[in-house]
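These notes are about the structure you will find just below.
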Amino acid sequence: MELSSLAPVLVATHTRIDHLMQTISALRRNELASKTHLFIASDAARSESEQQKVLRIREYINSIDGFWAVTKIFREKNFGHFQNFQDATNMVFRDYDQIIKLEDDIVTAPGFLNFMNQGLLRYKNDKRLISISGHLWEGVTSSGDTMLLPAANGWGWAIWRDRFYLNDHSPSLAKEFLNNPYLFLKMCLTNPSLLGMVNAIANKKLIAGDVSWALYIIKNDKLVLFPGESLVRNIGFDGSGQNCTADEKFHQQSISIKTNFTFDDHSEGDIRDSSKKLFLHYGGYPHMIYQIFLYSVEKLFGKRGFESLRKLKNFVF
């Protein structure tokens, strides 16, 4: 079987059949779905209580059609979300030079695959860019079809093989940001919400690939291509996900209906303006001060003192 000329899509899943069905249904409605090689990595059950859910997931996967090809990866033992995704990505990169990655709770717009494949082609040789994101945060708007930001977002993204292996996702990078004053301030002035997660990664309490990528991007002055309007909706904020709690504000996320995109050039001024919008989206200076304050409290008084202060509404900016 010859390889498709388009980037393959990798979906990682575990036990959430309803989410996966919505993800695949939306992806199938994309204009390029019938020309796209779909890979699905199904992780094994962690316990007997999950076995029936995993079996149901795999029955559904065996019925999927509408794509150029469907390659099924059924784990015989539980890998965990991060390792399941990483191992499957390595498998895809044996044959392809680029990849589009989705978790099983990401509903895509009909133009998602168009945007990803056009972006991968347009920026293939531009080493400033690390990846392409399908999601754009509410309020971080653009008058054009694209934006360049020093930020990472894992809600439907694409990357080239020669850039994927630049980051090893070890806690050492998180520790470097906490110990280096320049990197610490640079991180806080880009996205102050990263600080708590970076501290958790440094202490081996969290594995989050998108946070690791965010740090790599900030440290190395790299960029990510974003659409002018979001092309994905995350349906995982119902308490079912590994890193997403229940949050009603995400239930009504809007997504673009565009299917054709213009990829304009972006000046340094454009990138600075877009970066300011992202910083303000994450609360700007008040939130940055608040996050540094909480981090300092944890360092001085430990986790218990940190949690006590977080519960005090008067300390929320």
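Identify all residues within the range 147-163 that are surrounded by fewer than 22 Cβ atoms within 10 Å (Cβ to Cβ) and touching a Phe, Trp or Tyr at 6+ places or on another chain (Cβ under 7 Å); write none if there are none. Within the range 147-163, Arg161 is the sole residue that qualifies. Can you work out which of the residues in the range 173-204 that are among the polar types (S, T, N, Q) and outside any loop (DSSP other than H, G, I, E, B) is farthest from Asn260 (Cα to Cα)? Ranking the candidates gives Asn179 first.
Within the range 31-79, the set of residues being in a loop (DSSP other than H, G, I, E, B) and farther than 30 Å from Phe115 by Cβ comprises Ala44, Ala45, Arg46, Ser47, Arg75, Glu76, Lys77, Asn78. Residue-level check: of (1) under 16 Å from the mean Cα position of the chain (by Cα); (2) modelled with pLDDT of 95 or more, Ile64 misses just (1). Restricting attention to the range 116-137, does a residue exist that is at positive phi and surrounded by fewer than 19 Cβ atoms within 10 Å (Cβ to Cβ)? Among the residues of the range 116-137, not one is at positive phi and surrounded by fewer than 19 Cβ atoms within 10 Å (Cβ to Cβ), which makes the answer no.
The values are calculated or read from the model by the stated rules, or taken from the named source; none is laboratory data. Keep in mind it's a predicted model, so treat the numbers as computed, not measured. We place every Cβ from the backbone using ideal geometry, glycine too, and count neighbours over all the protein chains shown.
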